Every structure is written in C-alpha cells, then in structure tokens.
Amino acid sequence: MCEQQESSMDRVSRRHVLRSAVAGSLLMPGILQELLADDSVPGRVNDSLAAKKSHFHPTARQVIFLFMTGGVSQVDTFDHKPRLYQDVGKEVKLDHPEIRNRPGYERIFLKRPQWEFQKHGECGTEVSALFPHVAGCVDDIALIRSMHTDHSNHYNATLGMHTGSFAFARPSLGAWISYGLGTENRNLPSFVTIAPAQTYAGTQVYASDFLPGAHQGTLVAPGAEPIANVAPRVGRPQQEKELAALAKRNRKHLAGRGDDPHLAARINTFETAFGMQMAVPDAFDLTTETDATLQLYGLPRGSSAGFAWQCLMARRLVERGVRFIELIDTGSSGNWDSHGDMLDHARLARNVDQPIAALLKDLKSRGLLDETLVVWTTEFGRTPFNNTAEAKGREHHNWAFSSWLAGGGVKRGVVHGETDEYGIRVARDGVHVHDLHATILHLMGLDHTRLTYRHSGRDFRLTDVHGNVIHDLLA
C-alpha cells in the first residue's frame with residue numbers, strides 16, 4: 001500500500017463505526033447510546049470505506065462508467081474514414097495470425113460504413129448518424145480515436161477493460177477507486193453496477209477480488225425491486241437493538257483476531273446494508289422527478305427498465321455521493337456484437353443515444369459535470385473489412401477502437417489520436433486500456449503507480465507495470 005494510503009486509512013474507533021452504522025440520522029436509543037458512550041470497551045475496526053485523502057488534488061470526485069458490451073464499430077460511430085467509403089471492395093493484405101488463421105479469411109476486403117458522418121458543435125467533431133443526441137454534446141467531450149487492447153475475445157477484452165488483467169481475476173476499476181478514496185455516503189455502496197444482465201466476464205467486472213470485500217460493486221437490476229431484500233423484516237426499534245448487540249459481539253470477535261481486515265470489511269458491509277434500508281428507497285424513487293426531466297431521458301413515468309432508467313439513476317446516485325457507478329448496456333435489445341448484420345447497431349444506438357446525452361446535459365445543468373467524470377467505452381472495435389465486401393456484419397477488432405470522456409477535469413471538444421486511413425490500426429497517439437485506467441485514476445487524484453495493495457507477497461496495482469496518464473486529455 002502506498003504511503004499516502006497508509007496515512008489516510010488509520011483505524012477508527014468502535015464509536016465511529018457504530019455511528020456510521022446508524023448513519024447519524026437514525027435514532028440511537030438504549031443499547032446503542034450505551035455502546036457509544038462506553039470508551040472502555042476494547043476493539044477497533046479497520047474501516048476501509050472511510051473517506052480517504054487522494055494523492056493530489058482531484059478534478060473529479062465521482063465516475064460514471066458507460067460500458068457498451070459486445071464491441072461497438074469505431075468506423076460506424078466516432079471514427080470517420082472517407083477512404084473507407086471510396087475504396088469499398090478493395091482487397092487488403094494483413095499478414096497477422098488473427099487474420100491468417102481465421103477460416104474463410106484467405107482474402108479480405110474493405111467494407112463501407114452504413115451511416116454518414118457530419119461535423120457537430122463548435123469544435124466540429126465528426127460523429128455518425130447513429131448518435132445524433134450524443135453528437136449534440138461533442139463540445140463537452142474528449143474523444144479518443146486511438147484506443148487499442150490486447151485481446152479480441154469478448155471475455156478477455158471485457159476483463160481487461162474492467163480490471164487491467166486480460167487472463168486472471170483481479171479487482172475491478174470501481175473497486176480500486178473505492179479502495180483508494182472510500183465513500184462519501186455510508187448509507188449507500190461506494191460502487192454500484194447497474195445492469196439488466198451479466199456481461200462477458202460475469203461478476204468479475206465489478207468484483208473486489210483480493211481487495212477488502214466492502215469495495216465490491218453492488219449489482220442493481222432495473223425493475224420493480226432494483227436491490228433485493230432492502231425492506232426490513234422487523235420494526236426499527238427491534239432492529240436497532242439487534243444491530244447494537246451484533247456490533248458488540250462483532251467487536252469482541254474482531255479484537256480476538258488481530259483486527260483481521262477481511263472480517264472488518266464484512267462488518268462494514270453489514271453496517272452499510274443497514275443504512276441502505278433508508279437510503280435505497282429514496283434514491284430509487286423517481287416520483288419526485290419532473291416531467292421535463294423524464295422527457296429529457298426519454299423515460300415514461302412509472303417505468304423502471306431500459307437504459308434511460310439506468311442513466312437517470314446514475315445521476316441520482318451521483319447526487320447522493322456514490323463514488324463509482326457503472327452502467328452496462330445488456331438490455332433486451334441485445335449487445336453490440338454485430339457479426340451478422342451491422343444494422344443491429346441502429347437499434348442498439350437508439351436505446352442508449354438519448355439517455356446518454358440526457359445524462360450529460362442533466363449533470364451539466366445541475367453543476368455536477370465538472371466534478372463527475374463520465375467515461376464511454378466498449379471492449380474493442382469491429383473490423384473495417386470482412387471476407388467479402390458485401391458482408392453484412394463486422395468481426396472483432398482489438399487493434400483500434402474509440403472511447404470518450406467528459407466532465408471531471410477533461411478537455412472539452414477535443415479529439416485525441418487517430419487511426420490509419422481505413423481505421424484498421426492506430427496511426428498516432430495510441431491509448432492502451434492501461435493508459436485509460438491511469439488517466440481515470442489521475443483525474444480522481446490517484447497516482448496509478450502508488451495505488452497498490454499487497455497480496456500473496458507482492459504489491460498489485462490496477463495498471464500492473466504499465467500505463468501512462470494521457471495528459472493531452474486533461475484540462
């Protein structure tokens with residue numbers, strides 16, 4: 001663990017723990033008051049969720065991570081390639097094992113994008129007709145056209161985008177940020193993942209792995225009961241007494257085991273769950289949202305499904321101090337893995353375009369965008385070519401794809417990097433997944449080389465031994 005982390009993760013007294021357990025806003029009768037008043041009881045809890053100091057002054061306090069699972073085509077969305085329209089059908093020679101060893105790919109030909117591009121905003125960034133609403137926000141966006149990653153398999157690329165590891169289970173980005181900075185709201189998880197279904201790599205995309213368990217993401221599934229079992233089964237007074245008695249026993253149990261951090265994390269999680277009983281119903285209650293706000297997102301009143309609901313919930317969770325929120329597009333419309341027909345992208349884009357733009361506009365209008373980093377990405381891109389020029393779909397492509405950032409100290413209305421004339425390979429200013437992670441941590445005030453955790457005899461970090469902050473993206 002880095003020096004900065006050690007100084008800001010001092011163990012707190014059981015008094016602090018019990019106060020956080022009742023969130024300071026609940027009544028503390030009887031047993032709780034006695035426990036809080038009695039300083040002679042031994043035992044201290046390593047509170048890994050306590051708010052911590054960053055390594056340096058951050059420009060963002062929270063992250064909203066938008067993940068378009070399946071592989072979005074860069075040449076059909078954010079990376080305009082006029083030559084690809086002109087040279088459609090041209091045979092290209094790529095002497096690479098991924099191409100040579102693919103059945104039916106003895107010869108490959110350029111495939112034309114199926115949507116036109118236009119310049120938008122004062123910055124003039126070119127975006128395709130697939131994203132008309134997001135295109136209207138380009139003056140607030142830093143677009144990366146030179147992303148690349150290590151794998152072209154969904155599982156590996158998705159794992160890499162979330163954990164920095166392409167083959168082995170490691171803590172996710174959200175868990176690292178929760179570990180590095182703690183939480184600003186003890187009544188809600190510091191890390192929330194909102195997804196209708198699991199994506200590739202499953203629960204590992206929001207797992208804490210060897211980090212304390214309190215930093216694992218909480219899965220929220222759109223629907224009538226986004227978080228299961230939140231409603232208490234007993235009355236408040238009885239539950240408070242039970243919690244106080246449990247806290248006393250837990251403290252004694254912990255003190256006899258050398259303040260085991262894993263045990264402490266589990267106790268912290270129980271306390272957070274108690275606070276969630278009050279905070280969750282309020283956070284997920286959209287009845288207070290105005291008709292104008294719902295219309296902005298394209299969300300019918302009373303609906304609790306769809307990407308519009310996910311985006312509006314992200315804004316509400318940001319308002320309530322949740323540190324890291326991921327929205328995964330795994331809805332009923334399927335995912336972006338368009339092997340068979342690129343026209344699938346049209347349906348998928350309609351599902352997310354207006355809600356994403358609404359989220360940016362809503363955050364900005366409320367003064368939240370300056371301190372909230374919004375990240376849009378996918379696990380890899382799609383091939384600008386196929387085995388025939390008339391092929392309807394595109395294949396996996398990890399050599400080049402597009403992502404973008406907005407808010408939270410990011411430059412506005414800029415484009416970073418470029419690919420070659422056909423969008424096949426990065427031509428300038430490449431950004432690897434490790435570089436993206438290093439940049440996100442930097443914007444949150446964390447040095448990716450110092451945010452470490454000792455496990456199995458070595459210091460681990462999100463970026464392993466790689467990663468460079470992309471300073472050209474910083475305002």
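The values are calculated or read from the model by the stated rules, or taken from the named source; none is laboratory data. Just so it is clear, the structure is predicted and the values come from calculations on it, not from any experiment. Cβ placement follows ideal geometry from the backbone for every residue including glycine, while neighbour counts extend to all protein chains displayed.
Can you name every residue in region 294-317 that is part of a helix (DSSP H, G or I) and either farther than 22 Å from Gly331 by Cα or among the basic types (Lys, Arg) (or both)?
Those that are part of a helix (DSSP H, G or I) and either farther than 22 Å from Gly331 by Cα or among the basic types (Lys, Arg) (or both): Arg315, Arg316.
Given the condition outside any loop (DSSP other than H, G, I, E, B) and more than 22 Å from Ala349 (Cβ to Cβ), answer yes or no: does some residue in region 401-414 qualify? Please lay out each step first, then the result.
Here is the first cut: in region 401-414, the ones outside any loop (DSSP other than H, G, I, E, B) are 401-406, 410, 414.
This time we only want the ones that are more than 22 Å from Ala349 (Cβ to Cβ), so: 410, 414.
Taking every residue of region 401-414 in turn, at least one turns out to be outside any loop (DSSP other than H, G, I, E, B) and more than 22 Å from Ala349 (Cβ to Cβ).
Restricting attention to region 129-143, which residues are of a type outside the set (Gly, Ala, Ser) and assigned to a strand (DSSP E or B)?
Scanning region 129-143 gives Ile141, Leu143.
State yes or no: is Arg186 among the basic types (Lys, Arg), crowded, with 20+ Cβ neighbours inside 10 Å and part of a loop (DSSP other than H, G, I, E, B)?
Yes; evaluated as a whole, the condition is true for this residue.
Since Phe78 meets every condition but one in (1) modelled with pLDDT of 90 or more; (2) surrounded by fewer than 18 Cβ atoms within 10 Å (Cβ to Cβ); (3) among the hydrophobic types (A, V, I, L, M, F, W, C), which condition does it not meet?
Against the list (1) modelled with pLDDT of 90 or more; (2) surrounded by fewer than 18 Cβ atoms within 10 Å (Cβ to Cβ); (3) among the hydrophobic types (A, V, I, L, M, F, W, C), Phe78 comes up short only on (2).
Anything in region 317-335 that is modelled with pLDDT of 95 or more and surrounded by fewer than 18 Cβ atoms within 10 Å (Cβ to Cβ)? List them, or say none.
Glu319, Arg320, Gly321
May I ask you to list the residues in region 264-296 that are among the small types (Gly, Ala, Ser) and modelled with pLDDT of 95 or more?
Ala292
Mind telling me which of the residues Leu441, Leu436, Leu446 ends up being outside any helix (DSSP H, G or I) and closer than 20 Å to Ile64 by Cβ?
Values: Leu441 fails: outside any helix (DSSP H, G or I); Leu436 fails: outside any helix (DSSP H, G or I).
Matching residue, one of Leu441, Leu436, Leu446: Leu446.
Could you tell me which numbered condition Ser25 fails, if it satisfies all but one of (1) within 29 Å of the chain's Cα centre (by Cα); (2) part of a loop (DSSP other than H, G, I, E, B); (3) modelled with pLDDT under 75?
Single failed check for Ser25: (1).
If you take the residues in region 211-251 that are assigned to a loop (DSSP other than H, G, I, E, B) and at pLDDT 85 or above, which one is nearest to Phe191 (Cα to Cα)?
Looking at residues that are assigned to a loop (DSSP other than H, G, I, E, B) and at pLDDT 85 or above, I get Gly217.
Being in a strand (DSSP E or B), at pLDDT 95 or above and touching a Lys or Arg at 6+ places or on another chain (Cβ under 9 Å), is that true of even one residue in region 365-373?
yes
Among the listed residues Arg412, Arg394, Arg425, which satisfies the condition of being among the charged types (D, E, K, R), at negative phi and surrounded by 19 or more Cβ atoms within 10 Å (Cβ to Cβ)?
Arg394
Among (1) modelled with pLDDT under 95; (2) not in a loop (DSSP other than H, G, I, E, B), there is one condition Lys361 misses while meeting the rest; what is its number?
Unmet condition: (1).
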